[in-house]
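Below is one structure, written out as structure tokens, with a few remarks after it.
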């Protein structure tokens, strides 16, 4: 186990925090609940952004930018939305500070009170739909497919780095359509983009499904989500996509003239993923030695550590390493040589393991003589000696293999931890073990709430894969008839 | 002149606003002083970001993210900084809204008042240096070269889209060094990055220089800047880079142990460019037909407009266009076919001219017969008929040529509008004509202020190109001795 990292079995929550902080991903800031994303963590987020952004754009989405601050009155327009969002948020009431008349420092200038308070956006449906009103007049103006990458704030009481912070970074897509079907298709298209991103790039298996009405986004008619299972058996919602119906169009009076010239309210979707994905990535693959990064998202895919005693050895090894680095970079890999001369190799090995770098190459005078290098893979911690002339090919294969292997490992864990419960006693017993439970539910909010009160489990989703879940049965809690199993779990 | 666009000579300011709004770059939002950046405008900003980000990274800079909200007390730590920044800003005082007890809607919950107010960042030196305190202990931790792309707010009274808005997007680099020289070198390196970006990608000539002490960033020992000349003869500051000395290190107690183990305060630089560059781009090249984009920053480099009467003609032209589009895309150009069937070609031509697309290709049945296409370039508005088999090569040359030509044109204009003034009367006469004036100044803040009061001209910079400006002379205002000319202008 790496120095200073709590073991997962000892305290999973502390393990998570240790990795986030010690692998230099993020740290608490002096501002309550707000984090600093450190360069190494931000480089992973940039990789995620780059890939997702390309995936969005290939579906026709364009980026734009809308204001950070939203007039308070906008939140009252959509009745459910205000209940869900406008309560715990940062409120701007003044626009000026002044020198403190009673001493050094500054105080709020009481004469600079705003006529209407402004809210730091917790999500942007309201400001965007107030803007869309000016953009949409006729059916020719539709669809509008906009996304923005930005920061948002929700005044969370209990915060955890990446998983739940007052300020976080995200993308929010907001689309406008002529028909309900198009908006529903868009919401489904984007949740599938999220699922593909999670599986292919994060190597993280996810279940795609609908939220129960209770768990829907405030103002949505349907919320789709991707749900992943973490190693402690808790579920994590990793992305959501909403069919908003005409709720926001009606609240902001956004209508279009159809081909017959009749005015119709516009249909909407919105969808988002956030820096929460960083937390999911840590928990999906990390081990007691630290982070394990999928090669597709690793800022450094290969790290090289020279082993030497004398200056001559140092020079000879470094020279060979630079040649190897060049050939690996030419093959499209990101490579770093760790030539810090104040640290011992063993210390460096542990540090790069902690940081989850997929492949490590060590090389010393004996390797030089033999024409080999020692190649170590982060996921299995296995080492092998590879002839230098075959190194580039071996590293490429190994990176591919790591990407697939950590997915397979996470999938195996997930599949071993999806179980069926057919009675209430069984359910209560299984939920203590963690994992997803497939169980029948009578479809009512009352039952859902009672199950949560008694077990802390919520309906994570109603999977869209009907082959898996559609069957007749009886609600585990009330015994009333049910037509499909839904997925329960305790969650982040 | 394009429909609905005010001519430059008629009203330059209105011309600017017309282009920004009608070319779909940005618009006012319902929030005072805050803009919506529309997809077409944002696509240009994304191109700027991508290029600048690569340039920063090649110098060793890494991206990170620091909190949006800054505790009020942080602004009092650096005495000059608070004077410069903490006054006109958005102040968060509460963290909750509640349902209005007297009716529908929401009101601020008086019980949710923050113990200490938080300021929406106008710039991040304070929060970043409070963080660097934890990152820096020894000389081994230096240098730190961080940048963040983010939004900032300054409560401006008079706002103009892109040029001066309450909220704007920018990047801010913040570096920490062991020596003054390294920090000064970094500030100089980054202002040169800005200058290269402006010249090479924006096709915009700039003068690099130092600000006079009066115009320095609040808390800086030296501010470097790039200054560009707009078509109305006013200067525009397009980027700044500051040598901050040890001011922030002392305010936030950031010290490092040097190799001898002695504690030393850290030296700092910071540097930034913002969405203001979008305004510079519009004003540097735009004409009475609209925007003129340099190909390097154009989201669409080539637009194709089919000309046809019958469905058969339409099909034949489109099929040829798709083949041409593919060959141009394979050559690395971004191409769009405007196949909207409800608009006439003339309307489309005007619209793409307004949007500044560098090259337009029109093709009709006669072109098909002749094996040619009509190619139009936005900068000169010239048309030529090009054989289809030579089209890809011709378009590539033309894009190169446009990039160079608009730079040459802007440079010619700038050079024609840099003049020398040797007497006060001459100065007062020349400043009315606009442009940069090279004049001697006695080096005092009093004189600078008086010149500004009498003429509205400020010292834009003291150019670093000593060959141009170093000479003995007498201050145009006081007659006192001076060793170099400085650059005066009225400015944005």
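Here is how the numbers come out for the structure above:
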| quantity | calculated |
| --- | --- |
| Considering only region A:295-413, percent of DSSP beta bridges that pair antiparallel, nearest 5 | 55 percent |
| Virtual paramagnetic centre 7 Å along Cα→Cβ of residue B:57, amide N under 17 Å, in region B:163-200 | B:171-173 |
| Relative pair counts by distance (%), Cα atoms of region A:295-413, 10 Å bins | 13, 48, 31, 7, 1 |
| Zone of residue A:401's modelled label, taken as backbone nitrogen in region A:361-394 under 17 Å from a point 7 Å along Cα→Cβ | A:361-362, A:373-394 |
| Residues A:241, B:76, sorted so that the one with the fewest Cβ neighbours within 10 Å comes first | B:76, A:241 |
| Calculated label separations, residue A:214, copies of the chain, 7 Å along the beta-carbon direction, nm | 6.8 |
| Rounded if a/c under 1.5, otherwise prolate or oblate - region A:112-227, Cα gyration tensor axes | oblate |
| Estimated FRET transfer efficiency when R0 is 56 angstrom, pair residue B:422-residue B:390 (beta carbons, to 0.05) | 0.55 |
| Spatial separation of Cα centroids for region B:89-145 and region B:388-413, in angstrom | 48 Å |
| Ranked B:252, B:75, criterion: other C-beta atoms within 10 Å, fewest first | B:252, B:75 |
| Computed E for residue A:21/residue A:73 - FRET, C-beta separation, R0 30 angstrom, nearest 0.05 | 0.15 |
| Rounded if a/c under 1.5, otherwise prolate or oblate - region B:83-128, Cα gyration tensor axes | prolate |
| Rounded to 5, the percent of DSSP beta bridges in region A:418-489 classed as antiparallel | 75 percent |
| log₁₀ of I(q)/I(0) at q = 0.12, 0.17 Å⁻¹ - region A:231-360, Debye sum with one point per alpha carbon | -0.67, -0.97 |
| Residue exposure sequence - A:307, A:19 - by fewest surrounding Cβ within 10 Å | A:307, A:19 |
| Average beta carbon contacts from partner chains per residue of A:58-65, 10 Å cutoff | 5 |
| Computed helical MRE - 222 nm, chain B, DSSP H runs ≥ 4 contributing -39500 (n - 2.57), nearest 500 | -11000 deg cm²/dmol |
| Equivalent ellipsoid, the protein assembly as shown (semi-axes from 5 times Cα gyration tensor eigenvalues, Å) | 46, 38, 33 |
| Copy-to-copy label separations for residue A:99, where each label sits 7 Å from Cα toward Cβ, in nm and ascending | 4.8 |
| FRET efficiency for residue A:134 and residue B:411, using Cβ-Cβ distance with R0 set to 56 Å, rounded to 0.05 | 0.90 |
| Shortest-first nm distances, residue A:384 label point to equivalent points in other copies (7 Å, Cα→Cβ) | 5.8 |
| Computed Kirkwood radius, in angstrom, where 1/r is averaged over Cα pairs of chain B | 25.2 Å |
| Region A:160-210 and region A:26-79: distance between their alpha carbon centers, rounded to Å | 13 Å |
| Between 0 and 90°, nearest 10: helix A:12-22 axis offset from chain A longest Cα axis | 70 degrees |
| Length-normalised contact order of region B:418-489 in % [C-alpha pairs under 8 Å, at least 6 apart] | 39 percent |
| Helix B:424-433 axis, angle to chain B major axis (alpha carbon atoms, nearest 10°) | 40 degrees |
| Antiparallel content of DSSP bridges confined to chain B, in %, to 5 | 85 percent |
| Region B:295-413: relative contact order in percent, alpha carbon pairs under 8 Å with at least 6 residues between | 28 percent |
| Nitroxide proxy distance, nm - points 7 Å out along Cα→Cβ at residue B:326 and residue A:381 | 5.3 nm |
| From the C-alpha gyration tensor of region A:178-242, square roots of 5λ in Å | 23, 15, 6 |
| Helix B:345-354 vs. chain B, principal-axis angle (Cα, 0 to 90°, nearest 10) | 20 degrees |
| Average projection area in nm² (convex hull over Cα atoms of region B:418-489, one quarter of hull surface) | 4.1 nm² |
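Every number in this text was worked out from the coordinates using simple rules, so none of it is lab data. Predicted, not measured: the structure shown is a model, and the values here were computed from it. Here Cβ is always computed from backbone atoms with ideal geometry, including for glycine, and neighbour counts include all displayed protein chains.
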